[in-house]
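Student: Once you've had a glance at the structure underneath, I'll fire off some questions.
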Amino acid sequence: MPLNADFIGRVYPVSAPYLVGREKIREFARAVGEKNPVFFDREAARALGYHDLIAPPTFATVVAMESSHVVMFDPDLGLDFTRVVHAEQSYAYVRPICAGDELIVSTMIDNIRTVAGNDMLTTKASIDTVNGEHVLTATSVLVSRGADS
């Protein structure tokens, strides 16, 4: 069953706040093989002008995950998650995520299109501080494989 194209432009409720912790940043950096001291040492981050540790760029996925689940498992959208593969991910940063940031996520469906019998779902997640400062936009493309795939 194809995705419901009427959902293009739909904005989902803002997520609960996510408080970014130093240890979460360190754990994530170790997990993805980062070695840069700005992800581990506050003084290294401060030497570059940041108030605390900064997170690796893909840490934004951790913050956006709950919000993306709301979209993926929206029963009215028609997405069969058993047929989904992740196609693309990109981040447009205004500034890095830092330890101590309290972030919220607002996700919208940017596009739905069909390519070679497969549905392509593009979402954009605006990640902001609870005080209204925009930190980044995360764009994700999921492919829902057609019945013949």
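Any read-out appearing in this document is the output of simple, stated calculations on the displayed coordinates, not a laboratory observation. Predicted model, so just to flag it, every value in this text is computed and none were measured. Here the Cβ positions follow ideal geometry from the backbone for every residue, glycine too, while neighbour counts run over all protein chains shown.
Student: Being touching a Lys or Arg at 6+ places or on another chain (Cβ under 9 Å) and not aromatic (Phe, Trp, Tyr) is true for just one of Asp76, Asp110. Which residue is that? Spell out how you get there, then give the answer.
Tutor: Details: Asp76 fails: touching a Lys or Arg at 6+ places or on another chain (Cβ under 9 Å).
Being touching a Lys or Arg at 6+ places or on another chain (Cβ under 9 Å) and not aromatic (Phe, Trp, Tyr) holds for just one of Asp76, Asp110, which is Asp110.
Student: Same structure again: I'm trying to understand the selection: among the residues of the stretch 76-129, which are surrounded by fewer than 20 Cβ atoms within 10 Å (Cβ to Cβ), among the small types (Gly, Ala, Ser) and under 15 Å from Tyr18 (Cα atoms)?
Tutor: Hits for the stretch 76-129 are Gly100, Ser106, Ser126.
Student: Considering each residue of the stretch 7-51, count those that are over 18 Å from Ser68 (Cα atoms), in a helix (DSSP H, G or I) and either touching a residue at least 12 places away in the same chain (Cβ under 8 Å) or over 22 Å from the mean Cα position of the chain (by Cα) (or both), and give that number.
Tutor: Result for the stretch 7-51: 15.
Student: Name the residue, out of Leu103, Leu79, Leu136, that is within 18 Å of Tyr12 (Cβ to Cβ), touching a helix residue (DSSP H, G or I) at 6+ places or on another chain (Cβ under 7 Å) and assigned to a loop (DSSP other than H, G, I, E, B).
Tutor: Just a single option satisfies the conditions, and that option is Leu79.
Student: From the list Ser90, Ser67, which one is assigned to a helix (DSSP H, G or I), within 16 Å of the chain's Cα centre (by Cα), under 25 Å from Ser144 (Cα atoms) and among the small types (Gly, Ala, Ser)?
Tutor: On the way: Ser90 fails: assigned to a helix (DSSP H, G or I).
From the options Ser90, Ser67, the qualifying one is Ser67.
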